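Here is the structure we will look at.
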Amino acid sequence: MPAQLPIFLDIDVSTPDENGFPTSIAWSLPDGQLKSVFIIPDDEWDPWDNADPDVDLQHLFDHGVSGPDVIRELNEDLDGQTVYVDGLDEDELLLEKLFDTYQQSLGFEIATAQQLITKHNLDTILDLRHVTAREYQLDMESIEDKVRAFIFLVNDSPELL
């Protein structure tokens with residue numbers, strides 16, 4: 001892998017409606033390493049009322065990381081960097097919800113993958129990511145694998161950048 005790869009991020013949400021909250025987050029580092037954590041829901045998010053039945057809230061409380069700790073780690077890892085999201089989900093809004101809940105500021109910029117891979121439209125970029133995911137046998141329901149697919153895509157096809 002090249003010394004510096006673009007950084008990617010994806011977030012799972014409790015429910016797709018406007019009251020949804022972040023339940024887990026995965027992000028890459030410039031060397032291609034991947035980090036992911038479950039997020040302990042804040043009381044302000046009314047987790048018992050704003051989660052789909054398939055979200056295991058007890059698992060988040062038992063195995064999650066507190067919002068302030070997630071924010072600290074994200075800001076330390078991504079400080080001053082541009083971080084790319086797929087542009088499909090509400091990743092930026094979910095980050096804002098997380099950071100605003102704890103009165104913190106993002107220490108990094110958010111951009112869409114299309115702002116990184118400017119030679120293609122979003123549909124083509126997502127198709128390329130899916131092809132890469134199939135080649136590497138990744139699960140596109142997993143936020144970690146969505147991030148991995150982007151890492152493999154830009155590593156395998158540097159001409160896209």
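The values are calculated or read from the model by the stated rules, or taken from the named source; none is laboratory data. Just so we're clear, the structure is a prediction, and the values are computed from it rather than from any experiment. Using ideal geometry, Cβ is built from the backbone for each residue, glycine included, and neighbour counts are taken over all protein chains shown. When the accessible area is computed, the model is the full protein with side chains, heavy atoms only, and any ligands, DNA or RNA have been set aside. Shrake-Rupley method; radii C 1.70, N 1.55, O 1.52, S 1.80 Å.
Please determine, in degrees from 0 to 90 and to the nearest 10, the orientation of helix 91-101 with respect to the longest principal axis defined by the Cα atoms of the chain, where the helix direction is its Cα long axis.
For helix 91-101, the angle is close to 40 degrees.
Calculate the length of the line joining the C-alpha centroid of the stretch 129-146 to that of the stretch 1-59, in whole Å.
That distance is 17 Å.
Run the numbers on the chain and let me know its relative contact order in percent, using alpha-carbon pairs under 8 Å that are six or more apart. Working shown, then result.
Details: 261 pairs, mean separation 39.6, N = 161.
Answer for the chain is 25 percent.
Take the Cα pairs of the stretch 1-65, get the Kirkwood Rh, then feed it into Stokes-Einstein at 20 °C and 1.002 mPa s and tell me D in µm²/s. Walk me through the intermediate numbers first.
Numbers: Rh = 12.9 Å.
The calculation lands on 166 µm²/s.
Taking the chain as the reference, fit the longest principal axis to its C-alpha atoms, fit the long axis of helix 143-156 to the helix C-alpha atoms, and give the angle between the two in degrees, 0 to 90, nearest 10.
Value to nearest ten degrees: 20.
With unit charges on the beta carbon (Lys/Arg positive, Asp/Glu negative), name the residue among Leu153, Leu95, Leu138 whose Cα is farthest towards the positive pole of the charge dipole of the stretch 66-161.
Final value for the positive-end residue is Leu153.
For the chain, modelled as a GNM with alpha-carbon contacts under 10 angstrom, which of Asp49, Asp31, Asp69 fluctuates the most?
Among Asp49, Asp31, Asp69, the largest mean-square fluctuation in the Gaussian network model of the chain belongs to Asp49.
Give me the extension gain from Ser36 to Leu88: residue separation times 0.36 nm, minus the current Cα-Cα distance, reported in nm with one decimal. Spell out each step's value before the answer.
Details: separation 52, 0.36 × 52 = 18.72 nm, distance 1.93 nm.
Extra length available between Ser36 and Leu88 comes to 16.8 nm.
What is the stretch 56-97 by shape, rounded, prolate or oblate, if you read a ≥ b ≥ c off the alpha carbon gyration tensor as root eigenvalues and call it rounded for a/c under 1.5, prolate for a/b larger than b/c, and oblate otherwise?
Details: a/c = 2.72, a/b = 1.36, b/c = 2.00.
Taking the square roots of the gyration eigenvalues as a ≥ b ≥ c, the stretch 56-97 is oblate.
Between Glu141 and Glu96, 0.36 nm times their residue separation minus their Cα-Cα distance comes to what?
Additional length available on full extension: 13.9 nm.
Can you pull the percent of the chain's accessible area that's carbon plus sulfur, 1.4 Å probe, other chains left in place? If you can, show how the numbers build up before the last one.
On the way: 3660 of 8430 Å².
The nonpolar share, carbon plus sulfur, comes to 43 percent.
Could you state the orientation-averaged shadow area of the convex hull built on the Cα atoms of the stretch 109-161, in nm² to one decimal?
Working: hull surface 14.5 nm².
Dividing the Cα hull surface by four gives the mean projection, 3.6 nm².
For helix 67-78, report the angle its Cα long axis makes with the longest principal axis of the Cα atoms of the chain; keep it between 0 and 90° and round to the nearest 10°.
20
What length, rounded to one decimal in nm, is gained on full extension from Ala111 through to Asp43, with 0.36 nm per residue of separation minus their alpha-carbon distance? The partial results should precede the final answer.
Numbers: separation 68, 0.36 × 68 = 24.48 nm, distance 2.92 nm.
Roughly 21.6 nm would be gained on extension.
At 1.4 Å probe size, with every protein chain present, just tell me what the per residue accessible area of the chain comes to in Å².
Details: 8430 Å² over 161 residues.
For the chain, the per-residue accessible area is 52 Å².
I want to verify the translational diffusion coefficient of the chain in µm²/s; compute it with Stokes-Einstein, Rh as the Kirkwood radius over Cα pairs, at 10 °C and 1.306 mPa s.
Details: Rh = 16.1 Å.
It diffuses with D of about 98 µm²/s by this estimate.
Compute, for the chain, the length of the dipole vector about the Cα centre, with Cβ point charges of +1 (Lys, Arg) and -1 (Asp, Glu) only. Units Debye, rounded to 20.
Details: 8 positive and 36 negative charges, 166 e Å.
Value, rounded to 20: 800 debye.
Please report the accessible area of His120 (heavy atoms, 1.4 Å probe, ligands and nucleic acids excluded) in Å², nearest 10.
60
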